[in-house]
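The values are calculated or read from the model by the stated rules, or taken from the named source; none is laboratory data. Computed from a predicted model, the values in this text were never measured in an experiment. Note: ideal-geometry Cβ built from the backbone for every residue, glycine included; neighbour counts use all protein chains shown. Ligands, DNA and RNA are stripped out before the accessible areas are found, and what is left, the full protein with its side chains, is counted by its heavy atoms. Shrake-Rupley method; radii C 1.70, N 1.55, O 1.52, S 1.80 Å.
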Amino acid sequence: MSELVCVGAIAGSYGVRGEVRLKSFTAQAEAIAAYAPLQTEDGSRQFDLTITRAIKNGLAARLSGIATKEEADALKGLRLFVPRDRLPDPDEDEYYHADLIGLEVRDTGGTVLGQVKSVQNHGATDLLEIHGPGLKTTVLLPFTHAAVPTVDIATGRIIVDPPEGLF
């Protein structure tokens, strides 16, 4: 089976007729509907998806098999996945966050700094959360061409040129 990629999460119910509040992790929020059916990580449940409207911080949507507010409430926190092979190939210099997580991070001199723990975005740009030997906490590095000149998915390595004093 193809590797699964998380494309969204249910934030709770919306209204009283079984709709859910959906957080989409796709580049354009509404594009999540094109990947349906969506499934749970363990594959035990699949859902067809119909987006009903855009709402603050997400989308309101209907999932197949969910008809009541109580059923929608029970799904709060559920992450939704699709097989990787259903996603389009990224353009050059574009990466799926799932492909970056776990990659080894080295500086331009070849010193291992750690590995990518997560990719975050707080509004301005993506940030690589890096954890490694000798670090008491994780380090957030801007995912820009200046700070991250080389990403080599094939070898599982990222070369970084971090700002002075970050590590």
* Filter result (of a type in the set (A, V, I, L, M, F, W, C) and at pLDDT below 90) within the range 108-152 -> 124, 135
* Asked: What strands (runs of 3 or more DSSP E) completely inside the range 105-167 contain at least 1 residues that are out of contact with any helix residue (DSSP H, G or I) (no Cβ under 6 Å at 6 or more places or on another chain) and surrounded by fewer than 13 Cβ atoms within 10 Å (Cβ to Cβ)?
  -> 112-121, 150-152
* Structure fact -> Only one of 4, 22, 78 is under 30 Å from residue 125 (Cβ atoms) and at pLDDT below 95, namely 4
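Given the criteria of a type in the set (D, E, K, R) and modelled with pLDDT under 95, does residue 73 qualify?
Judged against the criteria, residue 73 is not a match.
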* Inspect the range 74-83 for any residue being open to solvent by 70 Å² or more (accessible area, probe 1.4 Å) and either over 19 Å from the mean Cα position of the chain (by Cα) or β-branched (Val, Ile, Thr) (or both) and give the result as yes or no. => yes
* Can you tell me which residue among 99, 93 is on the phi > 0 side of the Ramachandran plot and acidic (Asp, Glu)? => 93
